[in-house]
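First comes the structure, then the notes that go with it.
We did not get these values from a lab; they are worked out from the coordinates using the rules stated. Predicted model only: the values in this text are computed from it and were never measured. Counting neighbours? That spans all protein chains shown, and the Cβs are built from the backbone with ideal geometry, glycine included.
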Amino acid sequence: MAHTMQRPQGPSTFDKSTIGALTGAGVGLTIGFIFGSYSILRGGAGPRGALSTLSQYMLSSAATFGFFLSIGSVIRNDTNQLEYIRRAHPSPLMRSRSEGLAQLRAKWELEKFQKRH
């Protein structure tokens, strides 16, 4: 019976993208609140008022962070899938470190033997 690697089950690419977007939105809201509050305290609320200015900072920051963390989650997911494929179907040129070391030692022993005889 041939041994086959089973793919680990986990969240789909869409699920990871959604999780990344929600995480980024949360981080963006927090950063937007901090910088928006600082901006309002430093320069005043402006003609639209404090709440409107603060919400604009928070929403634009949440959208930006959410977008980029969503993309980053998808890229990371693709990288994990490529790693799975690489491990499931190793290239004949790629060997483990122990196999390479064993082959190198065998070559050295052969060279030593040839020099003696």
Burial ordering of Ile75, Ile31, fewest other beta-carbon atoms within 10 Å first: Ile75, Ile31
In nm, the gap between the two label points placed 7 Å beyond Cα toward Cβ at Arg87 and Phe67 is 3.5
Determine, for Lys115, Lys107, Lys16, the number of other Cβ atoms within 10 Å of each Cβ, and report the residues in order from fewest to most. Lys115, Lys107, Lys16
Separation in nanometres of the label points that stand 7 Å from Cα toward Cβ, at Gln103 and Arg76: 3.5
